[in-house]
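No value in this document is a laboratory result; all are computed from the given coordinates. Note that the structure is a prediction, hence the values are computed from the model and not measured. Every residue, glycine among them, receives a Cβ derived from its backbone with ideal geometry; neighbour counts consider all protein chains shown.
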């Protein structure tokens, strides 16, 4: 009797997933910081009223890996502890108690921040959601994007570049998956930035801006390119300033300023 009741319950719960269409809206917030830049990712998970299942587990896939995440920075509702899995490159939040589950008609927000100077920033991400009895509701859903702050395209990379070695810079633009950014470089920065109508602030000295070239953005809006650093000891201690300009159907925008110290 117990087995048949349990089986019937599982069948009903599984069938109910067909009525569920939760959404996950991702917000990327660039934090300049006094010491170094970080990025905060927030995920607003909404369980529609039409869904008869509460959500008990939320997992986000990180294409860039979880090594650049600050494990202690997680912000989540009470009763939703976080786990970070370096094998699957997933960050998961689990409802610890039935009373904390995300009920139909409710939304909750989960956040996590990178360490200083992450090598890569996430573009469009995929997520998976589970309900009661570990029933999968969604696998491989695509996050909706809503950027916070002035940037929707970002540059990331190591804080330092070595003479005689190529420097890898990563461009992220989640709204233009499959498109391209154009990388700009220069030796000096304008601290306040020069307003460029429709583009944002140009932080590189406009007299010495050097066009580096395009960066092709992949299917999730992430692309990489390398900049050769000459083997000249005179460059030690100098700084390289980087910004990217996105070409978008939405509108072109300038990215954040990426400072790179040469050593």
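Comparing 229, 112, 137 in a Gaussian network model of the chain (Cα springs below 10 Å), the most mobile by mean-square fluctuation is 229. Within the chain, antiparallel bridges make up roughly 95 percent of the DSSP beta bridges whose residues both belong there.
Fewest to most neighbouring Cβ within 10 Å: what's the order for 236, 63?
Numbers: 236 11, 63 17.
Fewest-to-most ranking of 236, 63: 236, 63.
Helix 2-16 and the longest principal axis of the Cα set of the chain meet at an angle near 50°.
Helix-only arithmetic for the chain: the sum of -39500 (n - 2.57) across DSSP H runs with n ≥ 4, divided by the residue total, places the mean residue ellipticity at 222 nm at -2000 deg cm²/dmol. When the chain is treated as a GNM with alpha-carbon contacts under 10 Å, the residue of 191, 125, 75 showing the greatest mean-square fluctuation is 191. Ordering of 52-58, 161-167 by packing is 52-58, 161-167, highest average first (other Cβ atoms within 10 Å, averaged per residue).
Would you kindly state how much longer the chain becomes between residue 49 and residue 191 on full extension, computed as 0.36 nm times their sequence separation minus their alpha carbon distance, in nm to one decimal? Intermediate results must be reported in sequence, preceding the final value.
On the way: separation 142, 0.36 × 142 = 51.12 nm, distance 4.83 nm.
Taking residue 49 through residue 191 to full extension adds about 46.3 nm, to one decimal.
Comparing 219, 233, 187 in a Gaussian network model of the chain, where Cα atoms under 10 Å apart are tied by springs, the biggest mean-square fluctuation is seen for 233.
By how many nm would the segment from residue 134 to residue 115 lengthen if fully extended, with 0.36 nm per residue of separation less the alpha-carbon distance? Walk me through the numbers on the way to the answer.
On the way: separation 19, 0.36 × 19 = 6.84 nm, distance 3.18 nm.
Going from the current span to full extension adds 3.7 nm.
All distinct Cα pairs of the chain go into the 1/r average, and the inverse of that average, the Kirkwood radius, is 20.2 Å.
Percent of Cα-Cα pairs more than 19 Å apart in region 154-262, please. Don't jump to the answer; show the numbers that get you there.
Details: 2498 of 5886 pairs.
Pairs farther apart than 19 Å: 42 percent.
Once you reduce region 186-263 and region 26-59 to the center of their Cα atoms, the two points are 28 Å from each other.
Note that region 2-145 shows a convex hull volume over its alpha carbon atoms of 111 Å³ per residue.
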